[in-house]
1. For residue 19, put the label point 7 Å out on the Cα→Cβ axis and report which residues of the stretch 96-125 keep their amide N under 20 Å from it.
2. Figure the gain on full extension for residue 32 and residue 305 (residue separation times 0.36 nm, minus the Cα-Cα span) and round it to one decimal in nm.
3. Do the sum for the chain: with -39,500 (n - 2.57) for every DSSP H run of n ≥ 4, divided by all residues, what is the mean residue ellipticity at 222 nm, to the nearest 500 deg cm²/dmol?
4. Pop a pseudo-label 7 angstrom from the Cα along the beta-carbon direction at both residue 59 and residue 229 and give the gap in nm to one decimal.
5. If a/c stays under 1.5 just call it rounded; otherwise compare a/b with b/c (prolate if a/b is bigger, oblate if not). Do that for the stretch 35-133, with a ≥ b ≥ c from the square roots of the Cα gyration tensor eigenvalues.
6. Compute the angle between helix 230-251 and the longest alpha-carbon principal axis of the chain, please, reported from 0 to 90 degrees and rounded to the nearest 10.
7. Roughly what angle does helix 18-29 make with the longest principal axis of the chain, taking Cα atoms, 0 to 90 degrees, to the nearest 10?
8. Would you please classify the overall shape of the stretch 76-230 from the alpha carbon gyration tensor, given that a ≥ b ≥ c denote the square roots of the eigenvalues, rounded means a/c under 1.5, and beyond that prolate means a/b larger than b/c while oblate covers the rest?
């Protein structure tokens, strides 16, 4: 396989995650396949920007940038993409740590020139030390992690998951950047789906594009105590429904809900039955897991219906920005080590 220069973008927004940010950067710097660079994009937080600049100023391979767009994760990612020099751009959450071979496994997927994106597997790092008994694996997406129902091994998918993902730079030439007005915005309602919308848009622009997930490319994602609670579970499920409505409004329900149909008709019913079986066998948490699956599905569906009404009334919109070429021309396939 010809190696690819990989730029890693870590979007940050709060000093509350200072130790997590340092751990994320350290995990990138410890990769068995070194990154070309690590870009820390600070989302409209002057104090954090100055602190990180002081911490990493003069550190080879680490650059600290201010989000050049509106507040939010999508604009932060777009800032990182525009400033990056690699032929591949990878994204790591600011509260996650990558295993040593993470970048090596992501980069291997690009040996096939048709591959435009490669994602990995994200495992939860529970603050309490173990998974809450009521929390079903089918809903690990609620805490930003890979969930039961995703394909195993290396497989083609509709979309990668944004906290552990990479894209060929030419993907952004074809489709533009992450849409602003969708996805997370600091501490506001925990929306999502910006990577889903981008991947669907990419497949429209490049019908021959291949998007992969490789579950050997592993990161651990920290789950703080508030996100282990059922109140957050419901809030995140509702927000996901709102986000899905935005995506479906933009790209059509056929594509926007293609994977979700299989998930709701196959994966979730099996999960409910598994929970009821565990309850019948007196295994802890079985009935609560089954109930959480039903509650999560109904809450997400409610959010989707509310979001659909809002979208039809013109109350929700997002913008897809075009991105400039990389500083060294790597958007045209000339990136370092490409």
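No lab work stands behind these numbers, since they all come straight from the coordinates. Predicted model, so just to flag it, every value in this text is computed and none were measured. All Cβ positions, glycine included, derive from the backbone under ideal geometry; neighbour counts span all protein chains shown.
1. 96-99, 124-125
2. So the chain would gain 93.7 nm between residue 32 and residue 305.
3. Theoretical 222 nm ellipticity from helices: -12000 deg cm²/dmol.
4. For the pair residue 59/residue 229, the computed spacing is 3.3 nm.
5. oblate
6. The two axes meet at around 60 degrees.
7. Computed tilt is about 60 degrees.
8. Note, shape of the stretch 76-230 comes out prolate.
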